[in-house]
Amino acid sequence: MKLRIEVLTSLYPSEVHPVEGVFAERRWLEMLARGHEVRVTQPLPLASTWLPRARWRALARIPARETRGGISVERPRYLHLPGRARANAAAFSRAGLRALAQHPRPDVVVLDYAWPAAAAVPALRELRLPCVVSGRGSDVLEVAGEARLADELAFALRAAGHWCAVSKDLLARMDRLGGKDGQGVLVPNGIDLQLFRPRPRAAARAALLLPAVGRLVLVCGHLIERKDPLLALDVFARARGPEDRLVFLGRGPLGRELGAAIRARSLAERVALRGEVPAAELASWYAACDVLLLTSRREGRPNVVLEALASGRAVLATDAGGTAEVLGALAATMLARTREPAALARQLAELLAAPPEPERLRSAVAHLTWEASARALEQCLAAACAASPTYS
C-alpha cells in the first residue's frame, strides 16, 4: 500500500542548518525510496529581535520552500513569543494547517517530533485525517515534565489514537500519557552501515590532520544543558593520559562556557571545539577516535551511540532514556549508572586501556537498518489508516 504522507514537524534539515533533524530526513527519504509520496511542512518562528542575534540571522536565511532529495519542504512562518508555550504551539499548528490545506488530501499525517506538532491533532481529526504522533526524545520527555503541556500532549495522543517512538523507554512514556499500554509502535532509527563502518584509525587521523599518537575521546551532540558537555570535560580531565585528546563536535548555547572551562583547566592544547560536521566527515571522526563519550541527562535513543558502535568504536554513555536499550549486552562495560565524575573517569580509563574488538561492537547494531525502520513505520501508518472512518 503506497501512501501519500504529510509530515508536520518542528525540526528538519535546511540549506542553512543541514545537520539539524538529519535522522528525520533519513527516515522520510527511505519512505520516498519505497514508493510513498512524502511532503514536509515545517512551521518556523518569525525572525524576532528577542531572539539571540545569531539565531535571528539564521532563521531569516532559511528558505520558505526547498526540495531536499526529492521531498518538498514548505516552511510557513508564525509569531513565537517567549514564555508562552501553549500559545506558541497553537500558532505553530495554525501555520501548519494553513499550509496543509493547500496540498492534495493525504492518506495520513505524521506529527514528527511530537511537540508542538501534536497540537494540530484535534483539527486534523475533525477533517477525518488519520494521524500518527512520532516521538523522538526531548519532544516528549521535556513536555511530559511540565504539567500543563503534559496534559496537552496526552489529549493529542488520545485524539490521534496512534503513535510511535524511537525507543522502548520513550514508547512507554507515550503509552502512559495516551492511556493505552502497548498501543504505541517501536520505530527505531536505522544506521547507514555503509557509511559508518570500521576503518583504519591511522588513516582517518591522517585525513583529519590529527596526531597519530595518543588516544582520542569524541563527544558528539549539541552543546546544551541536557547533554552536559561540562561533565564530559571534567571526566576527560580526570581520565586522560599525557598524549590523549578530547574533541567536541556540535554547537549550542554552552559553547562559550565550555571554551572558558577548557582554558581554565589549561587544556586548550588537548581539547578542541570543532562545531557541527556533515555525516561523511563524522564517519571519519568515529574512525579516528578510541571512545565516544556521552554524558546526557536525558535521551530518546542516541543515534551517536549507534553510529559509533557501527564504526567499531567503544562508547561510554550515562544511563539516560533509551541508551541502555541501544547498548544491550554491551551495557555491562559501556553504560555508566552514575554521574559522579571520578567514577565516570575510572570507567573511561578502563575503556581506553582495553577497548572491545571492533567487529563485536558492530555486530551489536548490524540489524538496525533503515529498511527495517521503514517497514516498522509502514505497519504503523497502515494501522492508522485502517482504523480511520475514511478507510473503513
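Where the centre of each part is set by its Cα atoms, how far does segment 65-117 sit from segment 323-392, in angstrom?
Going from one Cα centre to the other spans 29 Å.
Keeping every protein chain present and rolling a 1.4 Å probe, give me the accessible area per residue for the chain in Å².
I get 43 Å² per residue for the chain.
Separation between the Arg53 and Lys2 pseudo-spin-labels, each 7 Å from Cα along Cα→Cβ, expressed in nm?
The two pseudo-label positions are separated by 5.1 nm.
Sorted by packing (mean other beta-carbon atoms within 10 Å per residue), highest first, where do 29-38, 105-114 land?
Taking the mean over residues of other Cβ atoms within 10 Å, the ranking is 105-114, 29-38.
Applying a 10 Å radius around every beta-carbon, put 16-22, 171-177 in order of their mean neighbour count, most first.
So the peptides 16-22, 171-177, ranked by packing, come out 171-177, 16-22.
Take the Cα atoms of segment 140-277, build their convex hull, and give its volume per residue in Å³.
Looking at segment 140-277, the number lands at 155 Å³ per residue.
Angle between the Cα long axis of helix 147-160 and the longest principal axis of the chain, 0 to 90 degrees, nearest 10?
60
Which trypsin sites (Lys or Arg not before Pro) does segment 314-382 hold that lie in a coil by DSSP with at most 16 other beta carbons within 10 Å?
When the trypsin sites (Lys or Arg not before Pro) of segment 314-382 are filtered for loop state and at most 16 Cβ neighbours within 10 Å, Arg337, Arg339 remain.
Probe radius 1.4 Å, ligands and nucleic acids ignored: give me the carbon and sulfur share of the accessible area of the chain as a rounded percent.
Working: 8780 of 16750 Å².
Carbon and sulfur: 52 percent of the exposed surface of the chain.
Per DSSP helix of 4 or more residues, -39500 (n - 2.57); summed, then divided by the residues of the chain. What does that give at 222 nm, rounded to the nearest 500?
Calculated at 222 nm, the ellipticity per residue is -12500 deg cm²/dmol.
How many angstrom lie between the Cα centre of segment 184-234 and the Cα centre of segment 260-274?
Their Cα centres are 18 Å away from one another.
How big is the charge dipole of the chain about its Cα centre, in debye rounded to the nearest 20, if each Lys and Arg gets +1 on its Cβ and each Asp and Glu gets -1 on its Cβ?
Magnitude of the dipole: close to 720 debye.
Under 10 Å, Cα contacts only: if you run a Gaussian network model on the chain, which one of Gly178, Gly137, Gly70 comes out with the highest mean-square fluctuation?
Gly70
Under the Kirkwood approximation for Rh and a Cα-based Rg, what ratio Rg/Rh is obtained for the chain?
0.97
Percent relative contact order of the chain, based on C-alpha pairs within less than 8 angstrom and at least six residues apart? Mind dumping the intermediate values first?
Values: 750 pairs, mean separation 59.5, N = 392.
In percent, rounded to a whole number, it is 15.
Over the residues of segment 80-161, compute the C-alpha Rg and express it relative to 2.2 N^0.38 Å.
1.05
Say each of Glu340 and Thr67 gets a label point 7 Å from the Cα, pointing the same way as Cα to Cβ; how far apart are those two points in nm?
5.9
How large is the charge dipole for segment 279-319, taken about the Cα centre, if only the Cβ atoms of Lys, Arg (+1) and Asp, Glu (-1) carry charge, to the nearest 20 debye?
140
Among the lysines, which fall within straight-line cross-link reach of Lys180, defined as a Cα-Cα distance under 27 Å, with same-chain neighbours fewer than 8 residues apart omitted?
Partners found: Lys168.
Quick check: the angle from helix 370-387's long axis to the longest principal axis of the chain, C-alpha only, nearest 10 degrees?
20
Given N residues in segment 289-329, what is its alpha carbon radius of gyration divided by 2.2 N^0.38 Å?
1.03
The values are calculated or read from the model by the stated rules, or taken from the named source; none is laboratory data. Every value quoted in this text rests on a predicted model; they were computed, and no experiment measured them. Don't worry about glycine lacking a Cβ; one is built from the backbone with ideal geometry, like all the others, and counts go over all protein chains shown. Please note that ligands, DNA and RNA were not included when accessible areas were found on the heavy atoms of the full protein model with its side chains. Shrake-Rupley method; radii C 1.70, N 1.55, O 1.52, S 1.80 Å.
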